Amino acid sequence: MKITRLAIPDVLCIEPQVFEDARGFFFESYNQQQLDDALGRPARFVLDGHSRSEKNVLRGLHYQIKQTQAKLVRVVAGKVFDVAVDLRKSSPTFGRWVGTTLSAENKQMMWIPEGFAHGFAVLTDSAELVYKMTDYWAPQHERCLRWNDPALGIDWNLTGAPLISDKDRMGLTLAEAVARAEVFV
């Protein structure tokens with residue numbers, strides 16, 4: 001696996017070594033030791049998720065203020081633009097975002113550590129994502145940043161108007177999240 005630190009160094013892009021021939025392909029979609037070595041600590045996953053969304057669906061930016069989750073995200077069908085926003089107030093990259101294109105074709109994965117909000121926009125007719133998460137979903141602790149907060153200035157790479165849930169439409173701006181102490185120390 002080739003592991004690259006993105007513009008926010010705690011967020012990783014993981015590119016597996018793919019063995020491909022006329023019959024198809026094989027790759028390791030997860031290697032505990034290699035991820036632990038890259039993180040400098042063990043990653044312990046307790047939950048896998050799988051979602052499917054249509055073109056121009058934008059989900060996020062989600063995070064949990066307690067029972068924080070790190071996520072290892074990959075796309076198994078289609079293509080998305082995947083985004084992580086640093087919500088750790090003590091971090092030099094607080095309030096900054098990083099994004100990358102994940103697709104079934106490139107087989108890349110994104111590691112999003114605890115203390116980050118996560119979201120994605122679907123760039124193809126549909127997309128399916130699989131996630132490994134380090135803690136369980138806790139709806140009472142779930143929060144959402146506004147996807148179009150001008151303070152974040154995320155370019156989602158969409159070709160049409162985003163399709164957004166009511167919950168995501170009601171997300172807080174970064175300033176509101178800070179004022180409510182709904183960011184991480």
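Every read-out reported here was derived from the displayed coordinates using simple, explicitly stated rules and does not represent laboratory data. Computed from a predicted model, the values in this text were never measured in an experiment. Don't worry about glycine lacking a Cβ; one is built from the backbone with ideal geometry, like all the others, and counts go over all protein chains shown.
Run the helix sum for the chain: -39,500 (n - 2.57) per DSSP H stretch of 4+ residues, divided by residue count, reported at 222 nm to the nearest 500 deg cm²/dmol.
After summing the helix terms and dividing by the residues of the chain, the value is -2000 deg cm²/dmol.
Which lysines does Lys107 reach when only Cα atoms under 17 Å apart count, and residues fewer than 8 places away in its own chain are ignored?
Answer for Lys107, where 17 Å is the Cα cut-off: Lys2, Lys71, Lys79, Lys132, listed by chain and number.
Between Ala43 and Glu105, what is the FRET efficiency for a Förster distance of 22 Å, r being their Cβ-Cβ separation, to the nearest 0.05?
0.30
Using r as the Cβ-Cβ distance of Tyr136 and Arg96, and R0 as 41 Å, what FRET efficiency do you calculate, to the nearest 0.05?
Computed FRET efficiency for Tyr136 and Arg96: 0.90.
If each residue of separation counts as 0.36 nm, what is the full-extension length gain between Lys66 and Arg23 once their alpha-carbon separation is subtracted?
Taking 0.36 nm per residue and subtracting the Cα distance, the gain is 10.9 nm.
Extending each Cα 7 Å along its Cβ direction at Asp166 and Ala77, get the distance between those two points in nm, one decimal.
2.8 nm
Of the chain, which part is the longest with no trypsin sites (Lys or Arg not before Pro) in a loop (DSSP not H, G, I, E, B) and with at most 12 other C-beta atoms within 10 angstrom?
67-179
D for the range 77-133, whole µm²/s, Stokes-Einstein with Kirkwood Rh over alpha-carbon pairs at 37 °C and 0.692 mPa s: what number?
Roughly 271 µm²/s, to the nearest whole number.
Give a quick list of chymotrypsin sites (Phe, Trp or Tyr not before Pro) in the range 79-170 that DSSP marks as loop, anything other than H, G, I, E or B, with at most 11 other Cβ atoms within 10 Å.
Those that pass, being in a loop and sparsely packed, are Tyr136.
Computed over the Cα atoms of the range 1-49, what is the convex hull's projected area averaged over all directions, in nm²?
Quarter of the Cα hull surface area: 4.7 nm².
Of all the Cα-Cα pairs you can form in the chain, what percent are over 30 Å apart?
15 percent
Per residue of the range 67-78, in order, report the coupling 6.51 cos²θ - 1.76 cosθ + 1.60 (Karplus, θ = phi - 60°) as ³J(HN,Hα) in whole Hz, putting x for Gly and Pro.
6, 4, 10, 8, 9, 10, 10, 9, 9, 9, 7, x
According to the Kirkwood expression over distinct Cα-Cα pairs, how big is the hydrodynamic radius of the range 34-119, in Å?
Taking every pair of different Cα atoms in the range 34-119, averaging 1/r and inverting gives 14.0 Å.
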